[in-house]
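Everything below concerns the one structure shown next.
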Amino acid sequence: MSVSEPSVILRTTEVSKSFGKFLALNNITAEFERGVITSIIGPNGAGKSTYFNLLSGAFAPSRGRVEFEGRDVTHLPQHRFAHLGIAKSFQITNIFPQLTVRENVRVGLQAFVSRYDIWRPRASLPGLVERADALLAMVGLQDRRERRACDLAHGEQRALEIGMALAANPKLLLLDEPTAGMSPEETRVMMDLIVKLAGERTVILVEHKMKLVMGISQRVMVLHHGELLAQGTPAEVRQNEQVKRVYLGQREH
Amino acid sequence: MSEITMAPSSTASTSWLDLARRHRVLLASGFVLVFPLVMPFTALAVNILIYGLYALGFNLLFGYLGLLSFGHAALFGTGAYVCGIAIVHFGLPWYAAIVLGVLGALAMAALIGGLAIRTRGIYFAMVTMALAQCAYYLFYQAVGWTGGENGLRGINVRNINLFGLTFDFINPLTRYYVVAACVIAAFFMLSRILASPFGAVIEAVRENEARARASGYNVVATRLITFILSGGFCGLAGALAALHLSIVPIEILHYETSGMVVMMSLLGGMGTFFGPFVGAGVFLLLENLVSLWTVHWQLVVGAVFVACVLFFPAGIWGTLLNRMKP
């Protein structure tokens with residue numbers, strides 16, 4: 001790793017996204033720092049998921065540009081993102097349900113080794129199973145390796161999805177509401193896991209529940225009605241009058 | 001229910017099924033080799049081989065990738081016509097004609113697939129069907145090459161020469177084993193593809209396209225390559241059909257030929273290695289036996305098909321496999 005690696009890993013410049021006449025995101029310019037956890041928060045309908053989808057390449061913005069490590073990725077197809085070092089987990093659990101837990105991760109790893117080889121046996125690709133098992137151990141699923149993914153509990157499936165995202169060995173990990181639908185116990189396990197992973201890489205987290213992320217994030221961005229309302233450290237955001245008005249004033253759900 | 005007690009028992013009872021899966025090519029080939037000994041009509045057995053291979057190729061796309069094409073008649077038919085034309089118009093030897101038939105089907109699959117692959121679901125089925133109809137009229141109009149509505153006649157292969165040996169292709173049993181050799185080679189190829197890294201990508205795309213894309217796989221390219229590979233198997237089946245029938249009827253390109261392979265796959269069990277073959281066998285056996293006592297054989301085959309879809313959605317072979325699992 002070079003010493004002079006720029007501190008900004010991802011940048012959006014004046015991005016907007018409209019669906020028909022509805023303007024979901026309006027002119028958002030923001031920078032994300034390398035090596036920290038940034039949380040994007042906001043009430044329902046604030047445009048968090050739309051913004052997340054722009055960052056992860058699920059769709060392109062109507063206007064503006066997205067840069068990853070100084071490179072314009074605005075119109076890059078989704079599957080190229082993984083190869084740049086951007087991995088994501090979805091808001092709704094997104095796994096390969098009928099495959100085993102191990103195969104889910106192994107396929108994730110295989111994308112960086114072999115994609116179009118129709119002749120060699122897949123077992124001959126060296127080290128993939130071992131690396132899959134190591135990743136599963138990291139997310140706490142080592143005892144579930146042989147199970148079909150659809151037979152896992154909800155929290156375990158979310159953990160599996162993180163394991164699959166990690167298979168890309170990403171520089172940037174994008175997580176869309178990783179604790180959605182989780183029990184308090186599962187939520188705590190997931191938060192610990194995110195903190196553990198963040199030591200090694202940049203994490204951008206979309207979260208609906210503000211309390212949850214204040215403790216673990218170094219930076220917080222607040223979206224409201226498709227606009228960037230505030231950004232800064234958790235303490236700064238908590239002090240922000242506008243944020244208090246639109247967000248903290250409401251009852252936490 | 002604890003896992004500690006569950007795990008060993010399940011591994012013990014599935015082990016022989018796993019063993020069978022690992023040697024699926026050997027088992028399928030063994031079946032094909034003894035099949036004519038239990039079949040009363042060898043010509044029917046050859047037909048089952050050919051349509052079994054056609055269904056096998058179709059199933060790569062339908063069962064393993066989860067894409068329903070209603071235009072596979074174009075791939076089967078192109079294989080047959082190109083093989084026939086190579087023999088009738090160019091006087092090429094049988095093996096060159098088969099190779100050209102497969103190449104022709106691969107090219108047709110690249111064309112149809114390239115145009116249709118970005119659509120999905122019912123739209124993909126409709127677009128492939130429409131393009132296959134275009135192929136039908138193309139071959140129908142090219143009377144000089146294809147014989148038009150009379151079909152391409154005069155594909156007379158009497159002897160098969162291989163490594164200095166001469167086989168009498170008129171002899172039904174010899175003909176069966178020549179075709180069987182091609183089918184066994186196809187079993188081997190298909191099994192390799194399924195076990196390859198690309199086979200894993202096919203499964204991943206079937207299971208969850210969005211996740212596959214996020215994992216770094218080009219979903220469109222994966223679908224197109226699978227479509228073309230599927231076309232290769234169907235083209236081989238078509239080329240063998242041309243050699244077997246000595247004629248390529250224009251009906252081979254009719255959409256009924258596309259629909260039939262869907263029925264065969266569902267009947268046998270989509271997404272299983274041998275299921276489509278079983279489906280083709282049951283379909284053709286029913287057709288032949290029932291048509292002995294009534295001309296309305298399609299009514300009976302249709303009833304069996306509906307019963308199968310309603311009561312055995314996994315298909316005949318798929319249901320058998322599920323029963324054998326603990």
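The values are calculated or read from the model by the stated rules, or taken from the named source; none is laboratory data. Since the structure is predicted, the reported quantities are computational estimates derived from the model, not experimental observations. Positions of Cβ are generated from backbone atoms using ideal geometry, with glycine treated the same way; all protein chains shown enter the neighbour counts.
Of the residues making up the range B:100-142, just one is of a type in the set (Phe, Trp, Tyr), in contact with a helix residue (DSSP H, G or I) (Cβ under 7 Å, 6 or more places away or on another chain) and surrounded by fewer than 18 Cβ atoms within 10 Å (Cβ to Cβ), namely B:TYR140. Quick check: anything in the range A:146-157 out of contact with any helix residue (DSSP H, G or I) (no Cβ under 6 Å at 6 or more places or on another chain), over 22 Å from B:ALA204 (Cβ atoms) and modelled with pLDDT under 95? Checking the range A:146-157: at least one residue is out of contact with any helix residue (DSSP H, G or I) (no Cβ under 6 Å at 6 or more places or on another chain), over 22 Å from B:ALA204 (Cβ atoms) and modelled with pLDDT under 95.
Tallying residues that are hydrophobic (A, V, I, L, M, F, W, C) and either within 30 Å of A:GLN78 (Cβ to Cβ) or within 13 Å of chain A (Cβ to nearest Cβ) (or both) within the range B:215-249 yields 9.
Every listed requirement among (1) free of Cβ contacts under 8 Å to residues at least 24 places away in the same chain; (2) closer than 21 Å to A:ILE40 by Cβ is met by A:PRO184 save one, (2).
Applying the criterion of at least 1 residues that are touching a Gly at 6+ places or on another chain (Cβ under 6 Å) and small (Gly, Ala, Ser) to the helices (runs of 4 or more DSSP H) found wholly in the range B:231-326 leaves B:255-268, B:275-290, B:315-324. Annotation: of all residues in the range A:110-124 being loosely packed, with under 14 Cβ neighbours inside 10 Å and facing chain B (nearest Cβ under 7 Å), the one that is nearest to B:VAL205 (Cα to Cα) is A:TYR116.
Of the residues making up the range A:163-197, those that are touching a Ser or Thr at 6+ places or on another chain (Cβ under 6 Å) and either assigned to a helix (DSSP H, G or I) or within 14 Å of chain B (Cβ to nearest Cβ) (or both) are A:ALA165, A:LEU172, A:LEU174, A:LEU175, A:THR187, A:MET190. For the criterion of being touching a residue at least 12 places away in the same chain (Cβ under 8 Å), β-branched (Val, Ile, Thr) and closer than 18 Å to A:GLY45 by Cα, A:VAL195 fails. Restricting attention to the range B:250-273 and to residues that are surrounded by fewer than 22 Cβ atoms within 10 Å (Cβ to Cβ) and out of contact with any Asp or Glu (no Cβ under 9 Å at 6 or more places or on another chain), the residue that is nearest to B:ALA307 (Cα to Cα) turns out to be B:MET263. Which residues, taken from the range A:204-229, are among the β-branched types (Val, Ile, Thr) and either assigned to a loop (DSSP other than H, G, I, E, B) or in contact with a Ser or Thr (Cβ under 7 Å, 6 or more places away or on another chain) (or both)? Passing the criteria: A:ILE204, A:VAL206, A:VAL213, A:ILE216, A:VAL220. Inspection of the range B:264-277 finds no residue satisfying the criterion of being free of Cβ contacts under 8 Å to residues at least 12 places away in the same chain and polar (S, T, N, Q). Of the helices (runs of 4 or more DSSP H) lying entirely inside the range B:13-99, those carrying at least 3 residues that are out of contact with any Cys (no Cβ under 6 Å at 6 or more places or on another chain) and buried (at least 22 other Cβ atoms within 10 Å of the Cβ) are B:42-59, B:72-88. Out of B:LEU190, B:LEU173, which single residue is more than 14 Å from chain A (Cβ to nearest Cβ) and either of a type in the set (A, V, I, L, M) or part of a helix (DSSP H, G or I) (or both)? Just one listed residue meets the conditions, B:LEU173.
Exactly one residue among A:ALA149, A:ALA58 is touching a strand residue (DSSP E or B) at 6+ places or on another chain (Cβ under 9 Å), at the interface with chain B (Cβ under 10 Å from one of its Cβ atoms) and closer than 28 Å to A:LEU228 by Cβ, and that residue is A:ALA58. Filtering B:VAL143, B:VAL220 for residues that are under 26 Å from B:LEU111 (Cα atoms), at pLDDT below 95, out of contact with any strand residue (DSSP E or B) (no Cβ under 6 Å at 6 or more places or on another chain) and not hydroxyl-bearing (Ser, Thr, Tyr) leaves a single hit, B:VAL143.
Pairs meeting the criteria (first residue in the range A:34-63 and in contact (Cβ under 8 Å) with a residue 40 or more places away in the chain and crowded, with 23+ Cβ neighbours inside 10 Å, second residue assigned to a loop (DSSP other than H, G, I, E, B) and of a type in the set (Lys, Arg), beta carbons under 9 Å, at least 6 apart or on different chains) are A:ILE41/A:LYS209.
Going residue by residue through the range A:94-109, is there one that turns out to be in contact with a strand residue (DSSP E or B) (Cβ under 7 Å, 6 or more places away or on another chain), closer than 28 Å to A:GLY199 by Cα and within 14 Å of chain B (Cβ to nearest Cβ)? Looking through the range A:94-109, none of the residues is in contact with a strand residue (DSSP E or B) (Cβ under 7 Å, 6 or more places away or on another chain), closer than 28 Å to A:GLY199 by Cα and within 14 Å of chain B (Cβ to nearest Cβ).
Scanning the range A:75-92 for residues that are among the polar types (S, T, N, Q) and surrounded by 19 or more Cβ atoms within 10 Å (Cβ to Cβ), we see that the one that is modelled with the lowest pLDDT is A:SER89. Restricting the range B:146-160 to residues that are within 13 Å of B:ILE85 (Cβ to Cβ) and among the β-branched types (Val, Ile, Thr) leaves a set whose member that is modelled with the lowest pLDDT is B:ILE155. Those helices (runs of 4 or more DSSP H) of the range A:49-143 in which at least 3 residues are more than 16 Å from A:ILE9 (Cβ to Cβ) and in the same structural domain as A:GLN157 (by TED's automatic domain parsing), considering only elements entirely within it, cover A:101-110, A:128-138. Residues in the range B:193-215 that are within 21 Å of the chain's Cα centre (by Cα) and not in a helix (DSSP H, G or I): 1 in all.
Taking the listed residues A:ASP143, A:ASP133, the one that is at the interface with chain B (Cβ under 8 Å from one of its Cβ atoms), farther than 30 Å from B:ILE228 by Cβ and surrounded by fewer than 23 Cβ atoms within 10 Å (Cβ to Cβ) is A:ASP143, with no other qualifying.
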